[in-house]
Structures are given as structure tokens and as C-alpha cells.
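Presented below is the structure to which this report refers.
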Amino acid sequence: MAAAFDVAGIGNALVDVVTHVDDGFLVEQQLAKGTMTLVDSGTADFLYGKMPPGVEISGGSCANTMAAIASLGGKGAYIGKVKDDYFGQVFRHDMNAIGVQFSNEASTDGPATGRCLVLVSPDAQRTMCTDLGAASLLGVGDLNGGVIQSSRVTYMEGYLFDRPEAQRAFIRAAEYAHDSGYKVSISLSDPFCVDRHRDAFRALVADHIDILFANEEEIMSLYEATVFDDAIQMLHTYGHVDIACLTRSDKGSVIIHGDEVHVIDAEPVRAVVDTTGAGDAYAAGFLYGYTQDLGLGLCGRIAAIAAAEVIAHNGARPEQNLAELVKEKLGPLPIKPRE
């Protein structure tokens, strides 16, 4: 049966509330500039009440990836947990408006929809306070098996991995996908999360993952390597995944598939403004190309172009139409019509 979706994403459903503040506001609220801090709902309510007017847009790492896939022309679905409240409605509207199906029923009790309060200071640094709220409670019961079983790739966000319920949900999602003959992918997301759950991540990667995304720090944490080349060697030794996509900031990326290795240069940018969301966009570009049956090297080029667009402006989602940008840089892609 033909897949209904290119990619199904599973992640923390958050709403970003972005506003501009001066440095005095950060000092007054005792916030360290440029950091991301997890806060409880009471602290989030207090800060939200103190913040100047801002822009509210659906966010979260995996949701950013799905937005970029939609901008490239891919068909995506998203699985995440929100509450039936104002921010839950914002998240649902934004995802559906960009063409990503989000059909999870909202919870009627428990924590509020997760939110990330993003305070942008005059020097363009972003200080973030995140209340995960309902997002952190995602479990097996929140999975849409039908969506996963009709998606060519299921992509999961490592940030969600902290709770045992989410770990079980990742395994069940992988089983749904593999039962239908489709692929499973994960982004390790954060080296500290890998440090906290290294054994569980290794087991997940070894037993359930086909396509792995990680940056240098994350892959070195996974294998407890002290240098990047040793981590690559361990990937070869263990043979855990079919494809590994390893990003290296301005050094570009490395894509490994068995003995096939592609070194992808970073796409030039006039100025790096905000690196937030670079890895999310990279994953989107690669997965879009992969689900269109393009070669791995070309997938890597698309990924680099998507990442470069995002780091050239503030915000974690593309401002340009990525499909048009890729066509401008690479020409028409050799995509074959599907039956």
C-alpha cells in the first residue's frame, strides 16, 4: 500500500512565545542570558505575565522539522500531546495551517500545553524558559498507529526521551513502522539527555532505529568517545543503524551508510544570526530527499541548504520557501512520480 505521508514526527508539542526585552529585564528576573532553563508552570505563568507583548507560534524540535519538510513540499503528520487550552489551540492551528496533519485529541485534564518563553535581547541572544507541560506526558496511548503505519519514515525527537512512558512509546512507534515495512529515525537532540539515558538510547538505536541524526557532541556521548573519528569507528564496529547523519556545524556533515561515506560541506551563509533549529532543518532536508528516493549525497545537499536558511535569521523555522530555494541552488530535483 502506498504511504499516505512522507514523514510522521513524534515530539514535544510546545508553543514558542517570542518577545524582545532589554538586558535589565533578564537581570530583574534573575535569568542568565543565552541559556535554556526548564521551569514549572507557576514560574512560566509568572514570567508570561511580566513579558512584553510577543508572537506565539507552535514550536518544539520535531515540529520545526515537520514545518521545514512542509516547506520543501513533503507531506507530513505530527504526533504530540497538548491540552484543550489556548496554547493547545495555537499549536493545532499552526501545524494544520502549514500543511502538517495534527489530529491528536487534546487532553482535558492535567498540565497545560507546553510553552517556551523566548526572550530576545538587543544583541540577538535568546534566553529561553521552557515549561514542558502536557508534552512531557506523551505515552503509548497517544500514538496514532494508523498514521505511523502509513508514513515512509517515522521521526522521533530525543528531547522527549526522559520519561519511561515516552521511551516505551518510541519502541511501540518503531514496531508500528517496521510492521508496515517503513523506516524509523531519531535525533539524539541533546548530549546531556544522552548522558542521562545512554544505555536506553543505545538499546533503542541498536534494536529499532534505521536512520540516526546526531551532532558531534551527541554521537560522542552515545559511544563515550573522546574524539569524533572514534565515534564514527564505533558506528562501523557496532553496525547499529542503516544510515547515520552526523552534523559538525561549520565543518558540514558526514553521512554514513555501510562502507558508503558522504562528506557534505556546510552551505555558505552571509552571516550566522541564530543557530536555533539548524539540526531540525538539516533532518528535514535529508528526510525529504530520502522519502523522494534521492541519492544520499543529494539528500545531504538539501539538508545543508535547509540548515543554512534557518541560521541566517532569527527563529527556528524557514522564512523562505525551501522548495524554491533548493531549486534555485540545485536545479529541479530528479523526483520520480509515484504510483
**Fill in**
When every residue in the stretch 320-339 that is modelled with pLDDT under 90 and either touching a Pro at 6+ places or on another chain (Cβ under 6 Å) or among the charged types (D, E, K, R) (or both) is compared, the one nearest to PRO268 (Cα to Cα) is LYS336
**Request:** For the stretch 291-319, enumerate the residues that are in contact with a helix residue (DSSP H, G or I) (Cβ under 6 Å, 6 or more places away or on another chain) and either modelled with pLDDT under 95 or under 13 Å from GLY73 (Cα atoms) (or both).
**Result:** ILE302, ALA306, VAL310, ILE311, ALA316, ARG317, PRO318
**Request:** Filter the stretch 69-89 for residues that are among the aliphatic types (A, V, I, L, M) and either free of Cβ contacts under 8 Å to residues at least 40 places away in the same chain or touching a Pro at 6+ places or on another chain (Cβ under 6 Å) (or both) and give the result.
**Result:** ALA70
**Complete:** Scanning the stretch 6-27 residue by residue, those surrounded by fewer than 24 Cβ atoms within 10 Å (Cβ to Cβ), at pLDDT below 95 and charged (D, E, K, R) turn out to be ASP22, ASP23
**Asked** Name the pairs whose Cβ atoms lie under 8 Å apart, with the first residue in the stretch 161-185 and modelled with pLDDT of 95 or more, the second of a type in the set (D, E, K, R) and surrounded by 17 or more Cβ atoms within 10 Å (Cβ to Cβ), and 6 or more positions between them or separate chains?
**Response** ALA169/ASP142; ALA177/LYS183; TYR182/ARG152; LYS183/ARG152; LYS183/ASP210; VAL184/ASP210; SER185/ASP210
**Message:** Among the numbered criteria (1) more than 30 Å from PRO122 (Cβ to Cβ); (2) under 16 Å from the mean Cα position of the chain (by Cα), which one does GLU309 miss?
**Reply:** (1)
**Message:** Take ARG126 and tell me if it is among the basic types (Lys, Arg) and within 24 Å of SER221 (Cβ to Cβ).
**Reply:** yes
**Message:** Looking at the stretch 46-93 only, could you name the residues that are aliphatic (A, V, I, L, M) and loosely packed, with under 15 Cβ neighbours inside 10 Å?
**Reply:** VAL55
**Request:** Select from the stretch 103-137 the residues that are within 26 Å of ILE171 (Cβ to Cβ), surrounded by fewer than 24 Cβ atoms within 10 Å (Cβ to Cβ) and hydrophobic (A, V, I, L, M, F, W, C) and list them in ascending order.
**Result:** ALA106, LEU137
**Request:** Could you name every one of the helices (runs of 4 or more DSSP H) located completely within the stretch 146-220 that has at least 1 residues being of a type in the set (Ser, Thr, Tyr) and either surrounded by 17 or more Cβ atoms within 10 Å (Cβ to Cβ) or within 18 Å of the chain's Cα centre (by Cα) (or both)?
**Result:** 164-179
**Request:** Please determine, by comparing only the residues of the stretch 28-45 that are surrounded by 12 or more Cβ atoms within 10 Å (Cβ to Cβ) and without any contact (Cβ under 8 Å) to a residue 24 or more places away in the chain, which one is nearest to the chain's Cα centre (by Cα).
**Result:** ASP45
**Item:** Filtered residues of the stretch 258-267 (kept if modelled with pLDDT under 95 and not in a loop (DSSP other than H, G, I, E, B))
**Value:** GLU260, VAL261
**Item:** Which numbered condition ASN314 fails, given (1) under 18 Å from the mean Cα position of the chain (by Cα); (2) without any contact (Cβ under 8 Å) to a residue 24 or more places away in the chain
**Value:** (2)
**Hits in the stretch 234-249 - residues which are part of a loop (DSSP other than H, G, I, E, B) and closer than 16 Å to PHE286 by Cβ** = VAL241, ASP242, ARG248
**Request:** Inspect all residues belonging to the stretch 248-262 and state whether any of them is over 22 Å from the mean Cα position of the chain (by Cα) and aliphatic (A, V, I, L, M).
**Result:** yes
**Request:** State yes or no: is MET66 among the aliphatic types (A, V, I, L, M), touching a Phe, Trp or Tyr at 6+ places or on another chain (Cβ under 6 Å), free of Cβ contacts under 8 Å to residues at least 40 places away in the same chain and within 30 Å of THR291 (Cβ to Cβ)?
**Result:** no
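Here's the yes/no breakdown for (1) buried (at least 17 other Cβ atoms within 10 Å of the Cβ); (2) in contact with a Phe, Trp or Tyr (Cβ under 6 Å, 6 or more places away or on another chain); (3) β-branched (Val, Ile, Thr); (4) within 25 Å of VAL118 (Cβ to Cβ):
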position: LEU296; (1), (2), (3), (4): yes, no, no, no
position: ALA307; (1), (2), (3), (4): yes, yes, no, yes
position: LEU322; (1), (2), (3), (4): yes, no, no, yes
position: PRO332; (1), (2), (3), (4): no, no, no, no
position: ILE335; (1), (2), (3), (4): no, no, yes, no
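The values are calculated or read from the model by the stated rules, or taken from the named source; none is laboratory data. Just so it is clear, the model here is predicted, and its values are computed rather than measured. No Cβ is skipped: glycine too gets one built from the backbone with ideal geometry, and neighbour counts run over all protein chains shown.
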